[in-house]
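Novice: Below is one structure. I have some questions about it.
The values are calculated or read from the model by the stated rules, or taken from the named source; none is laboratory data. A quick note: this is a predicted structure, and the numbers were derived from the prediction, not measured. As a convention, Cβ positions derive from the backbone with ideal geometry for all residues, glycine included, and neighbour counts pool all protein chains shown. The protein model used for the area step is the full one, side chains on, heavy atoms only, and it has no ligands, DNA or RNA in it. Shrake-Rupley method; radii C 1.70, N 1.55, O 1.52, S 1.80 Å.
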Amino acid sequence: MEENQKQQLFMVISVSELTSSSTSLFLETEPVFARFGLESGSPELQLGQGDESSDVILFNLQNSKLFKVGPAESLCISEASEDNKEKTYSRGISIQFRNEEESRAFHCAFEQWKKEVVVQECPLINGAVSTSKSKFDDKIEASSAKMYFHYYGQLLHQQNMLQDFVRTGTYYSAVIENRADFLGRVVVDVGAGSGILSLFAAQAGAKHVYAIEASEMADYARKLIAGNPSLSERITVIKGKVEDVELPQKADILISEPMGTLLVNERMLESYVIARDRFLVQNGKMFPGVGRIHMAPFSDEYLYMEVANKATFWQQQNYFGVDLTPLHGSAYQGYFSQPVVDAFDPRLLVAPAVSHVINFSSIKEEDLYEIDIPLRFLSTVSTRIHGLACWFDVLFNGSTVQRWLTTAPGAPTTHWYQLRCVLPQPLYVMPGQEITGRLHLVAHKAQSYTIYLTLSALVGDMLQTSSVKLDLKEPYYRMSQPQAYSSAQDQQPNQLLQTQDMQFPTGEEDGSILMQPPSPTSGLELHSL
């Protein structure tokens with residue numbers, strides 16, 4: 001969408017000049033609009049009647065100020081000059097809104113559009129970073145942020161997420177089934193995207209929803225929300241990062257979809273926590289409120305050989321007369337540095353999973369910069385271990401219904417799939433043998449993590465250890481690859497996957513816990529969502 005096509009519209013009761021008579025500037029028989037736009041090339045406020053009215057009052061936001069003088073009345077003044085350190089003003093008007101809620105939304109939009117003036121007047125040159133850095137800018141590379149917001153600013157990627165019916169349906173159910181948490185409450189949608197979660201919150205009876213979105217998708221969200229007039233009056237879209245924007249009031253509840261691959265990829269969880277600290281009232285609710293990363297060792301000869309064989313190209317000693325073997329070791333290491341994203345059969349797991357819990361309501365932002373997870377498993381079979389399989393789930397801890405969104409193997413597939421870290425050197429284990437190790441995640445400025453994985457197993461008097469370093473930012477997407485499984489790996493999924501429909505204990509500490517598997521007769525108890 002072109003900049004000069006952007007608009008945001010509000011309806012008001014009246015607009016009057018700041019004179020002794022305070023005469024209304026427009027006919028009382030027709031509705032009056034207050035519109036923000038970029039039609040002149042810079043952000044401005046337009047006041048008028050009708051779509052084609054020529055009698056429009058314009059205020060350049062760069063030199064205008066807005067003051068609240070009553071619950072539903074505001075003053076807008078335009079600064080004319082500053083002589084002898086004394087400011088003068090060319091015009092002032094009184095704007096009467098229909099109610100206090102719409103007045104607050106207008107003030108919030110006014111401040112956001114004023115910020116767009118700074119962006120318009122001081123464009124970034126040759127990719128340089130703006131001098132007024134936010135906390136987000138300090139920890140994230142400008143090139144990564146640009147690509148990130150470009151990606152999520154496109155409708156085709158939003159469609160991909162909306163068509164993940166496990167994801168979208170779970171959010172819808174979690175909100176609507178917990179209507180008591182939303183009814184009459186102020187909600188902040190963190191990273192609103194298309195605005196779908198804001199619309200769900202409004203459907204559940206939210207008093208007002210502030211939809212914060214930093215990408216160009218904010219413009220599409222405004223359009224989508226405006227196209228749902230029964231809900232749009234209670235939703236304000238704010239274009240900006242949660243680290244930068246200001247809200248006119250605190251929120252009773254936060255809603256967001258901050259999860260990336262392995263839960264933490266893209267580092268949006270940090271923004272979710274920042275939004276909690278900036279906007280949420282004490283003891284306010286977060287949807288979701290808890291996340292868990294689940295991990296278990298796996299055996300998959302086919303996957304291991306597929307990754308290892310990619311480097312055989314570099315074993316050629318006479319490639320058009322060139323010996324490629326000096327690069328074979330680097331290529332081999334490079335292929336194993338890619339986490340594998342696909343949907344795998346849970347029968348490939350060789351031990352019950354352990355879980356690392358992240359409580360979004362209490363964790364500090366800095367705690368997400370580095371995540372250290374000790375690993376301990378007991379093998380259920382005699383096999384070769386080829387790496388660590390990972391998935392996650394999140395909890396919507398509503399007052400009425402608790403609902404989990406899971407990405408577990410064997411459950412209905414989501415657009416997150418599962419993730420596997422493949423070891424360059426497999427480990428041999430026997431039934432009942434202990435497997436120990438460490439999963440260490442270190443955040444980097446490309447909005448992702450470096451993964452350090454080590455697994456060890458004792459065979460007789462010899463300790464086997466295999467380690468690998470992976471970049472979560474550069475996964476190998478393998479969703480279309482054919483799957484084949486040997487009969488030796490035919491243990492049932494319910495032997496290795498824990499149930500997801502448990503009550504989450506209050507006050508649980510963040511950390512790693514060994515999740516006991518359900519009994520063999522209980523079946524695989526995963527929500528279909």
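Novice: Are any residues in the stretch 158-175 open to solvent by 40 Å² or more (accessible area, probe 1.4 Å) and not in a loop (DSSP other than H, G, I, E, B), and if so, which ones? Walk me through how you get there before you give the answer.
Specialist: The first filter runs over the stretch 158-175 and keeps only residues open to solvent by 40 Å² or more (accessible area, probe 1.4 Å), leaving 159-160, 162-163, 165, 172.
GLN159, ASN160, LEU162, PHE165, TYR172 - these are the residues of the stretch 158-175 that are open to solvent by 40 Å² or more (accessible area, probe 1.4 Å) and not in a loop (DSSP other than H, G, I, E, B).
Novice: Could you go through the stretch 447-457 and let me know if any residue there is within 29 Å of the chain's Cα centre (by Cα), among the β-branched types (Val, Ile, Thr), open to solvent by 40 Å² or more (accessible area, probe 1.4 Å) and modelled with pLDDT under 95. Break it down into steps so the answer makes sense when it comes.
Specialist: Going through the stretch 447-457, the residues within 29 Å of the chain's Cα centre (by Cα) turn out to be 447-454.
Of the ones still in play, those that are also among the β-branched types (Val, Ile, Thr) are 450-451, 454.
Retained after the next criterion (residues that are open to solvent by 40 Å² or more (accessible area, probe 1.4 Å)): 454.
Still in the list and also modelled with pLDDT under 95: none.
No; the residues of the stretch 447-457 include none that is within 29 Å of the chain's Cα centre (by Cα), among the β-branched types (Val, Ile, Thr), open to solvent by 40 Å² or more (accessible area, probe 1.4 Å) and modelled with pLDDT under 95.
Novice: Contact list please: Cβ distance under 7 Å, first residue in the stretch 298-319 and under 12 Å from GLY387 (Cα atoms) and open to solvent by less than 80 Å² (accessible area, probe 1.4 Å), second residue part of a helix (DSSP H, G or I) and aliphatic (A, V, I, L, M), pairs at least six apart or on different chains.
Specialist: Note: pairs meeting the criteria are PHE298/LEU348; SER299/LEU348; ASP300/LEU348.
Novice: Go through the stretch 1-42 and count every residue that is modelled with pLDDT of 80 or more, over 25 Å from PRO229 (Cα atoms) and in a loop (DSSP other than H, G, I, E, B).
Specialist: Total meeting the criteria: 0.
Novice: What's the total number of residues in the stretch 432-457 that are touching a residue at least 60 places away in the same chain (Cβ under 8 Å), under 17 Å from MET295 (Cβ atoms) and of a type in the set (S, T, N, Q)?
Specialist: 1
Novice: Give me a count of the residues in the stretch 196-250 that are part of a strand (DSSP E or B) and open to solvent by 30 Å² or more (accessible area, probe 1.4 Å). Show your work before the answer.
Specialist: If we filter the stretch 196-250 for residues that are part of a strand (DSSP E or B), which is where we start, we get 208-213, 235-239.
Still in the list and also open to solvent by 30 Å² or more (accessible area, probe 1.4 Å): 239.
Of the residues in that region, 1 qualify.
Rundown of residues vs (1) aliphatic (A, V, I, L, M); (2) at negative phi; (3) more than 18 Å from the chain's Cα centre (by Cα), yes/no style:
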{"site": "LEU405", "(1), (2), (3)": "yes, yes, no"}
{"site": "ALA411", "(1), (2), (3)": "yes, yes, yes"}
{"site": "TRP416", "(1), (2), (3)": "no, yes, no"}
{"site": "ARG420", "(1), (2), (3)": "no, yes, yes"}
{"site": "VAL429", "(1), (2), (3)": "yes, yes, yes"}
{"site": "ARG438", "(1), (2), (3)": "no, yes, yes"}
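Novice: Among the residues of the stretch 366-410, write down those that are open to solvent by 10 Å² or more (accessible area, probe 1.4 Å), under 17 Å from LEU263 (Cα atoms) and not in a strand (DSSP E or B).
Specialist: Across the stretch 366-410, the qualifying residues are GLU366, ASP367, TYR369.
Novice: Go through the stretch 55-92 and give me each residue that's at pLDDT below 80, in a strand (DSSP E or B) and under 39 Å from the mean Cα position of the chain (by Cα).
Specialist: Listed by number, the list is empty, since nothing qualifies.
Novice: Of the conditions (1) modelled with pLDDT of 75 or more; (2) farther than 17 Å from VAL242 by Cα; (3) surrounded by fewer than 17 Cβ atoms within 10 Å (Cβ to Cβ); (4) not polar (S, T, N, Q), VAL129 satisfies every one except a single condition; which number is it?
Specialist: With respect to (1) modelled with pLDDT of 75 or more; (2) farther than 17 Å from VAL242 by Cα; (3) surrounded by fewer than 17 Cβ atoms within 10 Å (Cβ to Cβ); (4) not polar (S, T, N, Q), VAL129 is out only on (1).
Novice: Output the residue which, of all residues in the stretch 485-499 that are surrounded by fewer than 19 Cβ atoms within 10 Å (Cβ to Cβ) and under 34 Å from the mean Cα position of the chain (by Cα), is modelled with the lowest pLDDT.
Specialist: Here is the first cut: in the stretch 485-499, the ones surrounded by fewer than 19 Cβ atoms within 10 Å (Cβ to Cβ) are 485-492, 495, 499.
Now restrict to residues that are under 34 Å from the mean Cα position of the chain (by Cα): 492, 495, 499.
Working: GLN492: 45, GLN495: 51, THR499: 41.
Within the stretch 485-499, the match that is modelled with the lowest pLDDT is THR499.
Novice: Sticking with this one: Between residues in the stretch 68-96 that are β-branched (Val, Ile, Thr) and residues that are modelled with pLDDT under 75 and outside any loop (DSSP other than H, G, I, E, B), which pairs lie under 6 Å by C-beta distance while being six or more apart or on different chains?
Specialist: Here the result reads ILE77/TYR89; THR88/ALA80; THR88/SER81, each pair linking the stretch 68-96 to a residue that is modelled with pLDDT under 75 and outside any loop (DSSP other than H, G, I, E, B).
Novice: Among the residues in the stretch 273-288, are any among the small types (Gly, Ala, Ser), at pLDDT 95 or above and open to solvent by less than 10 Å² (accessible area, probe 1.4 Å)?
Specialist: Initially, the stretch 273-288 is screened for residues among the small types (Gly, Ala, Ser), giving 275, 284.
If we keep only those that are at pLDDT 95 or above too, we end up with 275, 284.
Filter once more, so that each one left must be open to solvent by less than 10 Å² (accessible area, probe 1.4 Å): 275.
Yes, because at least one residue in the stretch 273-288 is among the small types (Gly, Ala, Ser), at pLDDT 95 or above and open to solvent by less than 10 Å² (accessible area, probe 1.4 Å).
Novice: On the given criteria, is ILE358 surrounded by 19 or more Cβ atoms within 10 Å (Cβ to Cβ), under 19 Å from LEU455 (Cα atoms) and β-branched (Val, Ile, Thr)?
Specialist: Numbers: surrounded by 19 or more Cβ atoms within 10 Å (Cβ to Cβ): yes; under 19 Å from LEU455 (Cα atoms): no; β-branched (Val, Ile, Thr): yes.
In short, no.
Novice: For the stretch 176-191, give me each residue that is part of a loop (DSSP other than H, G, I, E, B), touching a residue at least 40 places away in the same chain (Cβ under 8 Å) and small (Gly, Ala, Ser).
Specialist: GLY191
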